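*Asks:* Dumping the structure here so I can ask a few things about it.
None of the figures in this text is laboratory data; all of them are computed from the coordinates on show. No experiment lies behind these values; they were computed from the predicted model shown. Please note: Cβ atoms are built from the backbone with ideal geometry, for glycine as well, and neighbour counts cover all protein chains shown.
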């Protein structure tokens, strides 16, 4: 039964406020399940936003044990009913932003995390997983194609920015496939991409420190300016010392630096006790995307949340 029929049968509609666009292309669902690299009887999968259970069913068919997270109180009962005779599925009615992957990993072993993420929650969900990177082995997520471009972008690229640096310092990030709007109900206005992430065997030294995010964020605060200017407030009197120790040209711009370069800058800034690092770090939500209605993304904009702002219209969001 098609997603539209299921929703009508229960008197429901996709909720724009939840970013619900239900993936229903069976071939794409099967490909996403395959990307999760499920080992029958040995792989626990945490599915973010299980929706009507289409991807859940594909994961079960692949042999996974699925913890299906769904915060929509109207959909959670439908999931329970659909999988009531499927012991491999645990339906948890909860907001994924509150999930503790370490607790689940302690019970189920190293996790695979997957989901068709609501686009306006892409950054906070990914960074939540990044902060708990030791609990999982693989992350498979559907995001807006434009966001995927930034996630995988190399240095010296127009789409390379803060999001690229923060992820690539600790993760191997790959774009697996692009998904057209007609694969969903209702159809979003834009294309989506499925991205896979795995923890690097040898992460960039310093990339796991809170200072790494602060250094990178300061560097990208004004993309057209050189590092000497963008890092001045953060590094203060230690600016020249840090740049010299890190072997970074102060005349370069942030977009030309690799994650490894930012790692060296971070370690040098910490060693120099840079003044901007002495204050407590800003709250976690400081890096969450801010909704900007009907605003096109400008990678050259002077924006404190550069490359973390998904800049989505309400009806351009995804859900399984």
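*Asks:* Listed highest first by mean packing, meaning other Cβ atoms within 10 Å per residue, what order do 23-34, 84-95, 45-56 come in?
*Replies:* 45-56, 23-34, 84-95
*Asks:* Describe numerically, in nm with one decimal, the distance between label points set 7 Å from Cα along Cα→Cβ at residue 73 and at residue 232.
*Replies:* A separation of 5.3 nm, rounded to one decimal place.
*Asks:* Run the numbers for residue 86 and residue 271: contour at 0.36 nm per residue of separation, minus the present Cα-Cα distance, in nm.
*Replies:* 61.2 nm
*Asks:* Turning to a different aspect of this structure: Students often check this: by mean Cβ neighbours within 10 Å, which of 224-237, 68-81, 162-175 ranks highest, and how do the rest follow?
*Replies:* So the peptides 224-237, 68-81, 162-175, ranked by packing, come out 162-175, 68-81, 224-237.
*Asks:* So, in nm, how far is label residue 106 from label residue 178 when the simple model puts each one 7 Å beyond its Cα toward the Cβ?
*Replies:* 4.4 nm
*Asks:* For all pairs of alpha-carbon atoms in the chain, what percent lies in each bin of width 20 Å, listed from the first bin to the last filled one?
*Replies:* Pairs per bin, as whole percents: 33, 53, 14, 0.
*Asks:* Something else about it: In nm, to one decimal, how far is the residue 157 label point from the residue 42 one, both placed 7 Å along Cα→Cβ?
*Replies:* 3.3 nm
*Asks:* Cut-off is 10 Å between beta-carbons; in what order do 136, 191 appear when sorted fewest neighbours first?
*Replies:* 191, 136
*Asks:* What's the FRET efficiency of residue 260 with residue 12 using the Cβ-Cβ distance as r and R₀ = 45 Å, to the nearest 0.05?
*Replies:* 0.40
*Asks:* State, as an integer percentage, the relative contact order of the chain based on alpha-carbon contacts under 8 Å between residues 6 or more apart.
*Replies:* 21 percent
*Asks:* Another question, then. Taking every eigenvalue of the Cα gyration tensor of segment 25-64, multiplying by 5 and rooting it, what semi-axes result, largest first, whole Å?
*Replies:* Taking √(5λ) for each Cα gyration eigenvalue gives 15, 12, 8 Å.
*Asks:* To continue, here is another question. If you take the beta carbon distance between residue 94 and residue 279 as r and set R0 to 30 Å, what does 1/(1 + (r/R0)^6) give as a FRET efficiency, to the nearest 0.05?
*Replies:* About 0.35, to the nearest 0.05.
*Asks:* Let me know the Kirkwood hydrodynamic radius for segment 167-227, please, with Cα pairs as the basis and the value in Å to one decimal.
*Replies:* For segment 167-227, inverting the mean 1/r across all distinct Cα pairs yields 14.5 Å.
*Asks:* Taking only Cα atoms of segment 44-155, what ratio of Rg to Rh do you get with Rh as the Kirkwood inverse-distance radius?
*Replies:* 0.97
*Asks:* Also, quick follow-up: So what's the back-of-envelope 222 nm ellipticity for the chain, counting only DSSP H runs of four-plus at -39500 (n - 2.57) apiece and dividing by all residues, rounded to 500?
*Replies:* One gets -8500 deg cm²/dmol as the mean residue ellipticity at 222 nm.
*Asks:* If the chain between residue 187 and residue 61 were fully stretched, how many nm would it gain, using 0.36 nm times the residue separation less the Cα-Cα distance?
*Replies:* That pair, residue 187 and residue 61, stretches by 42.8 nm at full extension.
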